[in-house]
Amino acid sequence: MTAAHDSAPPSNLSFRDPGGTLIQYNGRILRAVHPRAAADLETFLQTDCARQAMDSGKLVRSVRVSPSEYPWIETECLLEHERIPFPSYPYEWPAEMLHAAGELTLELARAAVVEGFRLKDATPYNVLFRGGDPVFVDVLSFEPRAPGDSAWIAYAQFVRTFLLPLMAARYFDMPIDRALSGHRDGLEPETVYRWAGPLQRLRPPFLGLVSLPKWLKGRETAATYQPRASASPEKARFVLDGILKSCERQLRSLQPAATDSTWSGYLDHKSIYSSEQLAQKEAFAAEALDVARPQSVLDVGANEGHFSFLAAKRGAAVVAIDSDAAVAGSIWRRARREQAPVLPLVVDLTRPTPAMGWRNQECASFLDRARGSFDMVMMLAVLHHIVVTERVPLEEVFALAAEITREYLFIEFVAPDDPMFQKIVRGRDELYSHLTQAGFEAAAARSFDLVRSRRIDGMHRWLYLYRRRQNNN
Amino acid sequence: MTSKTNSLAILKALTRLLLVCAPLLLASPSKAFAYADPGTGAFIYQAAYAAFLGGAFYFRKFLDRFWGRRK
């Protein structure tokens, strides 16, 4: 687990749930629980479903702690949660991860029904990722269920926040972040209805998830929301399980397919590295990782995560960011397959996720979460995109890297003569005449000391391992 | 964030919690903590599907009893 630091801003301050409040203090995640919710929560945590979920890592570990340790928190029931290393938010996830979070939500919802509990809310904000594995973190979402209760009150929220964004991704090519960052509670059926064509609206999945809810809107009365208890508990369970199974079927049908984007296959198929050159780069990376021995790594512009997985094999927990959702998705698939601690996020370092939510304080910005959280930052085959496409000055790149990393920077200098550089500069060569190797090294020297470097034979690319100068805060 | 502003944020969060507590003491258990928006049309659609499932439940029971007697 990454070491916490006192200056960490509050993350996901949860004040919406009347059952309790989440507090981050001194690197610990605490939950103050409302007295009336406390007993039910305790009961839930003792159930088989909760114990198994905690043991398998699907539900965040939660233990009761003594409130006397925190005298300024006035509560009788205080829980401490296991800290998930790098919190991430649904609008940073590739579609595959949103889908996985939805699967976990339904799995736990069905298991809870068996034990006499129900899931009262179903939003992707209940889930964080440990590497590639989803973890349900909002234990207060589980509450006791009356035996005759057959409705899933979180159904509409599940549709809005999981199913409709996945549908928008599949049918309208809408990236997950566009569906989720503008709206905390997901997409409304009426909105998706407007996007759909007239015939599309009559076909599944639109018919049940979009069109019928839109047509039925307005027919609700006060009586609609009154819970109607079923006489037979067996029937109630059958109905509730049926609703959950139907959601599972819908979700399964919306499984994102592996897509081919411009960036996928960059290293494998469209690679500009010959196998010897790639081997040299890998060897240097292995040496760099052996010298630095980082516990946590940020891989910027990770593409298919080739070097992220190299770092993970050497014991690092990796956050791999790329602005392309398709490659982030392929990293996730591999992380799941290999059970590697690589967390892929769809983040563009030149335009990172801002702070969101109420007062811009509920969800911390990517940079706030990243600063000081990584022992090593990797910027391989990405510098030219930052400097040319995004027009960020080289000095700024080093300054940001120095802010984010605790110690090491592993960076690849791509010179203007490089064919890929030439491809993206498109005639603006004059602007980059200062981008010589000497210029690069001088810019680095402001905050970093050189540890080792080498040129990749036959290429206009140099690999550098830098160490941040510690007095340069 | 300094520890002072951290504590302030925490105190503010707790005040909010306490303010919410008061009316909840009067609410019935099953509705006290349910806060997710149940939707409008989606809720009715779910209720209709639930009614269909209820029918399916009785139909299945009927079939079980029917075949059960045969066995």
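Worth a mention:
- Shielding by partners, peptide A:112-123 (average Cβ within 10 angstrom, other chains): 1
- In this structure, residue A:470 and residue A:83 have a Cβ-Cβ separation that, at R0 = 25 Å, corresponds to a calculated FRET efficiency of about 0.45.
- Share, in percent, of DSSP beta bridges within chain A that are antiparallel, nearest 5: 65
- Charge-dipole axis of the stretch A:275-385 as Lys and Arg at +1 and Asp and Glu at -1 on Cβ define it, positive-most pick from A:345, A:360, A:325: A:360
- Counting only alpha carbon atoms, the long axis of helix A:35-46 and the longest principal axis of chain A meet at about 70°.
- Relative to the Cα centre, the charge distribution of chain A, modelled as +1 at Lys and Arg Cβ and -1 at Asp and Glu Cβ, gives a dipole magnitude of about 1000 debye.
- Two-site FRET efficiency, residue A:433 against residue A:293, from Cβ-Cβ distance with R₀ of 41 Å, rounded to 0.05: 0.60
- Acute angle (nearest 10 degrees) that the helix A:394-404 long axis makes with the longest principal axis of chain A, alpha-carbon atoms: 50
- For the stretch A:14-170: span of alpha carbons on each principal axis (Å, largest first): 51, 40, 28
- Charges were assigned to the Cβ only: +1 to each Lys and Arg, -1 to each Asp and Glu. The resulting dipole of the stretch A:20-81 about its Cα centre is roughly 180 debye.
- Averaged over the residues of A:215-225, the number of partner chain Cβ atoms lying within 10 Å of the residue Cβ comes to 4.
- Nearest-0.05 FRET efficiency for residue A:403 and residue A:74, computed from C-beta distance (R0 35 Å): 0.40
- Among beta bridges identified by DSSP and lying wholly in the stretch A:275-468, the antiparallel ones come to about 45 percent.
- Acute angle (nearest 10 degrees) that the helix A:325-338 long axis makes with the longest principal axis of chain A, alpha-carbon atoms: 80
- For the peptide A:147-154, the mean number of other protein chain Cβ atoms found within 10 angstrom of a residue's Cβ is 4.
- The value obtained for the stretch A:104-226, namely the Cα convex hull volume divided by the number of residues, is 134 Å³ per residue.
- Each part gets one Cα centre, and for the stretch A:268-310 versus the stretch A:392-448 those centres are 18 Å apart.
- Ordering of A:52-65, A:417-430 by packing [mean C-beta count within 10 Å, highest first]: A:52-65, A:417-430
- In terms of overall dimensions, the stretch A:367-466 has a Cα radius of gyration and Dmax of 13.3, 39 angstrom.
- Sorted on the mean count of surrounding Cβ atoms within 10 Å across their residues, most packed first, peptides A:172-183, A:315-326, A:349-360, A:221-232 read A:315-326, A:172-183, A:349-360, A:221-232.
- Counting only Cα atoms, the size of the stretch A:296-356 along its three principal axes is 31, 22, 19 Å, in decreasing order.
- A Cα-only calculation for the stretch A:20-81 places Rg and Dmax at 11.9, 34 Å.
- Proximal aspartates and glutamates to residue A:58, defined as alpha-carbon separation beneath 15 angstrom and excluding residues fewer than eight positions away on the same chain: A:48, A:82, A:103, A:107, A:133, A:138
- Model label sites at residue A:222 and residue A:191, defined 7 Å from Cα along the beta-carbon direction, differ in position by 3.1 nm.
- Computed with the Debye formula from one identical point scatterer per Cα of the stretch A:275-468, without solvent, the log10 of I(q)/I(0) at q = 0.08, 0.09, 0.12 Å⁻¹ comes to -0.25, -0.32, -0.58.
- Theoretical ellipticity at 222 nm over chain A - DSSP helices of four or more residues, -39500 (n - 2.57) apiece, nearest 500: -10000 deg cm²/dmol
- Using only the C-alpha atoms, the convex hull of chain A corresponds to 165 Å³ per residue.
- Taking a straight Cα-Cα cut-off under 16 Å and skipping sequence neighbours fewer than 8 places away in the same chain, the aspartates and glutamates within cross-link reach of residue A:423 are A:390.
- Charge dipole (the stretch A:275-468, unit charges on Cβ, about Cα centre) - positive-most of A:453, A:296, A:306: A:296
Where a number appears in this text, it was derived from the coordinates with a stated rule and is not lab data. Since the structure is predicted, the reported quantities are computational estimates derived from the model, not experimental observations. Ideal geometry is used to build each Cβ from the backbone, glycine not excepted, and the neighbour counts take in all protein chains shown.
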